[in-house]
Amino acid sequence: MFERSHRWTVTVGVALVVTATGLWVGAPVLLVAAMAPLGFVAYSALTSAPPVESAITCQRTVTPERTVPGNRVTVTLSVTNRRDALLSDVRLVDGVPDELAVVDGTPRAGVTLRSGETTRVTYTLRARYGTFEFTPVTVQTRSLSADSTYTATLSPAGDATVQATYDPETYPLASQTLPLAGAIPADHGSEGLEFHGIRSYEPGDPASRINWRQYARERVLSTIEYRQEEAAEVLVVVDARPAAAVASRDTAPTAIERCVALADDLTDSLLADRNRVGVLALGVEDAPLASEPRSDEGTALAWVPPANTRRVRTRMRQLLDAAAATVQPGRDHATRDSTDPPPVELIDRLNRRTQIMLLSPLHDAYPVELTRQLTATGHAVTVFTPAITARTTPGGQLTTAQRHLRIAELTAQDTTVIDWDPTDAPDTAFERHTPARGPTDE
């Protein structure tokens, strides 16, 4: 869009008055004096801001383009002058996604570009969970006299998105499984793909599983067994209570955001391996299609019971979105909330074989109590706790020390606790833990 300034209007008026006065009184000095402002006006009228589309090219580089939530991402915007002439005044603003915070540098610049010259604008964003698209770059050129401007938006070449996910390839599960086909190796042999052992032949064994090599060598019939793969029923519990709304700094994601992000990726991986998966969001009072109606006998729980259907996946996404919406940065809730649901309300709804994955920063005692009661009733529990670095204050240091004590208490109860650095891929932390051996029905 081309615009011309009207700032010389007064100057033209003054010059005309001086010229008229000089002609009226016959004073050549006044005529000469009027020529100076008229010269500026004439020069301004003869110069124009060059069109942005033909004068400027842009390229954006995002490093890394894919990372984990909370990490820093460096963005470099390269701007090149394609004209054969000087661009005396170029002003630009990169289209940073509204959801991301700039933590270093600035996406704005004002530069002068010689013919063929390239300048680079570099700034740093803090990534959040999800995929975010950049908007076009807003560029404005000005004429040398600054009397006209040309403003346009350009879609730069190169990277247009920044993505932050955890995408765990592995996850620790207990041996508490269901008699359904899945991806968890069982301790007994049956139909499957992985070799488990050889036993004596029994009438009725299929011919495809007879060890014909041994029969040809020893004339002894035996049957090959393969390790059976079974499915698990897993309930992913996300701590979205006010006590979990903690962050290391104002621009950093809160523990709730990190737990929701990991829960979203964990449920995808678990469902892909044919497990029955559900989600419970602590601290969410009203979630569409997920909350049970409150009754006189019990407490309403915002949860999606374990299953493996497309409809369940949709409902879990809605519930996780509701959990993420509870984030209230800057609040300090070190004590247990009086609205925390009694653990028995959850236990009464669960199958005996249901495993629990609890995602919580452990900044209060409630997750420890919930884990203790779930374990006491026969459920295998794995606790994923993001290591949120506390602020360097006495209160923050005390919170960190209390968190370490809670981790030690859970470990003493033979609960698998995964203390993970959320700036790294979770697989790094998962690989350090052997899958827990939960109780069985035998």
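The values are calculated or read from the model by the stated rules, or taken from the named source; none is laboratory data. All figures in this text were calculated on a predicted structure; none of them were measured in a lab. Ideal geometry is used to build each Cβ from the backbone, glycine not excepted, and the neighbour counts take in all protein chains shown.
Could you tell me whether any residue of the stretch 155-176 is β-branched (Val, Ile, Thr), exposed (fewer than 15 other Cβ atoms within 10 Å of the Cβ), out of contact with any Gly (no Cβ under 9 Å at 6 or more places or on another chain) and at pLDDT 75 or above? Yes, the conditions are met somewhere in the stretch 155-176. Would you pick out the residues in the stretch 85-104 that are without any contact (Cβ under 8 Å) to a residue 60 or more places away in the chain, part of a strand (DSSP E or B), surrounded by fewer than 19 Cβ atoms within 10 Å (Cβ to Cβ) and under 31 Å from the mean Cα position of the chain (by Cα)? Val93, Val102, Asp104 - these are the residues of the stretch 85-104 that are without any contact (Cβ under 8 Å) to a residue 60 or more places away in the chain, part of a strand (DSSP E or B), surrounded by fewer than 19 Cβ atoms within 10 Å (Cβ to Cβ) and under 31 Å from the mean Cα position of the chain (by Cα). Take the conditions assigned by TED's automatic domain parsing to the domain that holds Ala261, of a type outside the set (A, V, I, L, M, F, W, C) and at pLDDT 90 or above and apply them to His379. Does it pass? Yes, satisfied. When you check Thr326 against the structure, is it modelled with pLDDT of 85 or more and under 28 Å from the mean Cα position of the chain (by Cα), yes or no? Taking the combined requirement at face value, the residue does not satisfy it. Annotation: Gln355 fulfils all but one of (1) part of a loop (DSSP other than H, G, I, E, B); (2) at pLDDT 85 or above; the unmet one is (1).
Annotation for the stretch 73-84: no member residue is free of Cβ contacts under 8 Å to residues at least 12 places away in the same chain and either touching an Asp or Glu at 6+ places or on another chain (Cβ under 6 Å) or exposed (fewer than 14 other Cβ atoms within 10 Å of the Cβ) (or both). Checked against (1) free of Cβ contacts under 8 Å to residues at least 60 places away in the same chain; (2) in a loop (DSSP other than H, G, I, E, B); (3) surrounded by 15 or more Cβ atoms within 10 Å (Cβ to Cβ), Arg128 passes all but a single condition, namely (1).
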